[in-house]
Each structure stands twice: as structure tokens, then as C-alpha cells.
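Right, one structure below, let's go through it.
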Amino acid sequence: MQGYAKLLELTKKYEKIAVFRHTHPDGDAAGSQLGYKSWVQANFPEKDVRALGFETYDIYPYVDQAEDEFLEGALAVILDTSNSARVDDARFRRAAEVIRIDHHPVVEHFEDILICEPERPSVCELLADILSEEAYAEYPLTQESAAYLYSGMLTDTLNLSTPGCNGRTMRAAARLADTGIDLSALSVRMFDVPYAEFDLRTKLRTLIEFQDGLCFLRLETPQLQEMGITSNDAKNMIAEFGKVREFKIWAVVADNGKGGLYDGSLRSKDGYLVNGIASRHHGGGHDQAAGIKDLTAEEVLLLKEELLAEIKRAESAL
Ligand SMILES: [Mn+2]
């Protein structure tokens with residue numbers, strides 16, 4: 001691929017390298033950041049490479065410290081981040097040169113060099129391919145670096161199973177596996193949940209309403225308080241309801257604390273569309289995944305009817 005050698009060229013050029021990723025880091029952000037850092041440390045031990053950020057990721061709770069002076073004359077490598085406001089540490093702007101590697105749609109240019117492939121299901125996959133390019137033959141991927149990249153691939157692709165995965169994904173994963181990483185242990189590490197989350201999931205499951213293919217979870221403020229979660233936390237539990245054969249559409253709506261208004265998340269199986277419904281409730285997204293905002297209690301009832309109607313529509317079209 002053209003352009004892939006640019007990361008190597010810049011890595012060689014700078015003695016100080018600051019590696020960034022987005023706020024609220026997930027496995028792909030932390031995995032790509034630490035995977036690249038570890039690759040630099042193994043192949044260029046004389047360089048000072050630091051993984052920066054204020055927030056940490058629970059599975060790799062790790063960041064380096066850096067004084068402002070560290071950024072002067074340094075290379076900034078930004079991973080998995082599509083807009084400048086979301087970079088966890090705005091001091092990337094002090095760096096001498098910025099290279100950004102991403103897989104989100106391009107919405108802003110705040111870099112000097114961009115390697116962005118929005119069709120990639122994870123930035124770790126893209127980085128694994130970059131670091132395996134011919135130009136990098138003398139600078140091999142270590143097992144440690146491969147483990148970080150593989151764990152990031154697993155999280156963004158939910159164990160290599162999301163629609164964006166393809167043969168290229170599996171070939172990248174296979175090259176990482178060939179370094180001897182423990183695939184099973186990494187999967188357990190990324191997907192085992194803390195007991196508190198298990199307990200929360202158990203409670204939420206008892207609160208769903210299931211009717212004609214619709215899984216609907218509506219949470220009021222006292223329930224949220226009792227479980228010790230915010231409406232945002234509740235919305236983020238939407239994936240919990242995604243693996244039931246009978247659920248065609250699943251929805252979580254929760255009181256957002258703004259005076260009887262509800263925010264929510266909608267998901268659906270292939271062929272069932274939630275995007276249009278979301279756009280009628282101050283939201284939007286994709287055909288199978290959308291968010292909604294500031295619904296009144298009346299709108300929540302209407303939403304439920306609309307989702308049930310969409311299931312009927314989709315099934316009569318079969
Ligand atoms: Mn990502």
C-alpha cells in the first residue's frame with residue numbers, strides 16, 4: 001500500500017515520539033497506542049517513546065507522563081481518533097509533526113500525514129498491516145506488540161465477528177497469531193466482565209419488556225439510582241440484548257435527568273431499520289444502530305409503537 005512506509009520514515013526521523021489516542025479509550029485505542037509504542041521500543045531502543053493520555057483503559061491501565069518540553073521537536077502519532085477535540089491530551093499540537101492513523105470517516109484534518117481507511121473494522125488491523133509492509137521487514141512485530149494489536153482487533157470487532165470483518169482481517173489476525181500470542185487467553189482477558197457488570201446485566205434483564213420481536217427496556221430515575229448508573233451507562237448496555245434470536249429490534253431508553261426526558265439507543269437485526277425512527281426523535285445513526293435524545297414520556301410510548309410497526313413492516317416484506 002502506498003503511504004504505509006511514511007510511519008516508518010517518521011519513526012526513524014524523530015528521537016522523541018508521543019503516542020496519542022481518543023478520550024474514554026477502548027481496546028482499539030489503547031491496543032493500537034500500546035502496540036505501536038511497544039513496536040518502537042523493541043526496534044528503536046534508543047528512542048524516547050511515550051503513550052500519553054489522562055484517562056486510562058481498565059484492561060491496560062497505563063499512561064506515560066510527559067512535561068510540555070517533551071512535545072517540543074517530537075513526533076505525534078495519533079491513533080483511532082477522528083476529531084481534534086477527542087484526542088486525549090491536546091498537547092499533540094506542540095509536536096513538530098503529526099501523523100494520524102484512523103479508521104473513522106474523515107471529518108477534520110488536524111494532522112500533517114494521514115493514513116485513514118474507514119472500511120477497516122479496527123485501527124489495530126490497519127496498524128498490523130502497516131507494520132507488516134515490506135518496508136518494515138527489518139523491524140518485526142514482537143509478541144508483546146502483537147498481543148496489544150490483537151486485543152484491539154478483538155474489541156472493535158467483538159471477537160472478529162462484526163460486519164466489517166473480511167479475509168484481510170483474518171490474515172492480519174493470523175500474522176499476529178504467528179508471533180505465538182495466546183489467542184484464548186487474550187479473548188478471556190478482553191471479554192470477561194467484572195462481577196458488578198454481571199450483576200447489573202442480571203438486573204437489567206429482569207426489567208425488559210418483550211413483545212412481537214421487540215425487546216424494550218425503559219428505565220426511570222429511581223431504578224437508575226438504585227443500580228448506581230447514569231442514563232448514559234444504561235444506553236451503553238444496549239449490546240447486552242443483541243444476541244437473542246427472537247429479538248428483531250432492541251431498545252434502551254432511560255430518564256436523562258433533564259426533567260422527565262429520555263435518551264436512548266436502538267439496535268436491530270439486518271432488514272429492520274431504526275435510522276428513520278431515530279431521526280424522528282432527535283437522533284440518528286445507521287440502519288441497524290441509532291441513538292435518540294430528549295424524548296418526552298409520550299414520545300417513548302410512540303417510539304415503542306413505531307418500533308413494533310417497523311418489525312411488522314420488515315416481516316411483511318420478507
Ligand atoms: Mn477503533
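Here, each number is a calculation from the coordinates, and none is a lab measurement. In this text the structure is predicted, and so the values were computed from the model without any measurement. Positions of Cβ are backbone-derived with ideal geometry, glycine not excepted, and every protein chain shown enters the neighbour counts.
Based on the Cβ-Cβ distance of Ile59 and Ala137, what FRET efficiency does E = 1/(1 + (r/R0)^6) give at R0 = 30 Å, to the nearest 0.05? Before the final figure, lay out the partial values.
Numbers: r = 31 Å, r/R0 = 1.03.
That gives a FRET efficiency of 0.45.
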Mean Cα-pair separation over length for the chain, i.e. relative contact order, pairs under 8 Å, 6 or more apart, %:
12
Say a paramagnetic label sat at a point 7 Å from the Cα of Lys269, along Cα to Cβ; which residues of region 197-227 have their backbone N under 13 Å from it?
212-215
Angle check, please: helix 27-43 long axis (alpha carbons) against the longest principal axis of the chain (alpha carbons), in degrees 0 to 90, nearest 10.
10
Helical mean residue ellipticity (222 nm; -39500 (n - 2.57) per DSSP H run of 4+; nearest 500) of the chain:
-11500 deg cm²/dmol
Estimated inter-spin distance, Lys258 and Asn236, nm [label 7 Å along Cα→Cβ]
1.9
Quote to one decimal, in nm, the extra length available between Asn166 and Glu15 on full extension: 0.36 nm per residue of separation minus the C-alpha distance between them.
50.7 nm
Each residue of region 49-55 in turn: what ³J(HN,Hα) in whole Hz from Karplus with 6.51, -1.76, 1.60 and θ = phi - 60°, glycine and Pro shown as x?
10, 10, 8, 9, x, 9, 8
Chymotrypsin sites (Phe, Trp or Tyr not before Pro) restricted to region 31-111 and DSSP loop, no more than 10 other C-beta within 10 Å
Phe54
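Can you give me the orientation-averaged projected area of the convex hull built on the Cα atoms of region 218-300, in nm²? Before the final figure, lay out each step's value.
Details: hull surface 21.1 nm².
Hull-based average projected area comes out at 5.3 nm².
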For q = 0.10, 0.13, 0.20 Å⁻¹, what log10 I(q)/I(0) does region 5-191 give under the Debye formula with an equal point scatterer on each alpha carbon and no solvent?
-0.34, -0.59, -1.51
Residues Cys116, Cys124, sorted so that the one with the fewest Cβ neighbours within 10 Å comes first
Cys116, Cys124
Charged-residue dipole, Cβ positions (Lys, Arg, Asp, Glu), region 5-191 about Cα centre, Debye nearest 20
220
What's the extension gain from Lys243 to Arg205 if we count 0.36 nm per residue and subtract their Cα-Cα distance?
12.4 nm
Just rank Ile130, Ile292, Ile238, fewest to most, by other beta-carbon atoms within 10 angstrom.
Ile238, Ile130, Ile292
Would you work out the relative contact order for region 5-191, in percent, from Cα pairs under 8 angstrom that are 6 or more residues apart?
23
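Test of understanding: ordering Ser38, Ser84, Ser268 by Cβ neighbours within 10 Å, fewest first, what list do you get? Can you show the working numbers first?
Details: Ser38 21, Ser84 16, Ser268 27.
Arranged by neighbour count, lowest to highest, Ser38, Ser84, Ser268 become Ser84, Ser38, Ser268.
Scanning the chain for trypsin sites (Lys or Arg not before Pro) in DSSP loops with at most 12 other Cβ atoms within 10 Å, what's the longest stretch left with none? Mind dumping the intermediate values first?
On the way: sites that count: Lys243, Arg245, Lys258.
Counting at most 12 other Cβ atoms within 10 Å as exposed, the longest clean stretch of the chain is 1-242.
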Whichever lysines have a C-alpha closer than 25 Å to that of Lys6, once near sequence neighbours (fewer than 8 apart) are set aside
Lys16, Lys37, Lys47
Relative to the longest principal axis of the C-alpha atoms of the chain, give the angle of the C-alpha long axis of helix 143-156, reported between 0 and 90° and rounded to the nearest 10°.
20
Return the sequence-ordered ³J(HN,Hα) values of region 247-257 in whole Hz as given by the Karplus equation 6.51 cos²θ - 1.76 cosθ + 1.60 applied to θ = phi - 60°, using x for Gly and Pro.
7, 8, 10, 10, 9, 10, 10, 9, 4, 8, x
Just to be sure I understand: with springs between alpha-carbon atoms less than 10 Å apart, which residue in Val274, Val193, Val98 has the highest mean-square fluctuation in the Gaussian network model of the chain?
Val274
Residue-by-residue Karplus 3J(HN,Hα) for region 171-181, coefficients 6.51, -1.76, 1.60, Hz, glycine and proline x
5, 5, 4, 5, 5, 5, 4, 5, 6, x, 5
Here the gain from full extension of Lys47 to Ile113, 0.36 nm per residue of separation minus their alpha-carbon distance, amounts to 21.7 nm
Can you give me the Cα centroid spacing of region 77-154 and region 190-240 in angstrom?
33
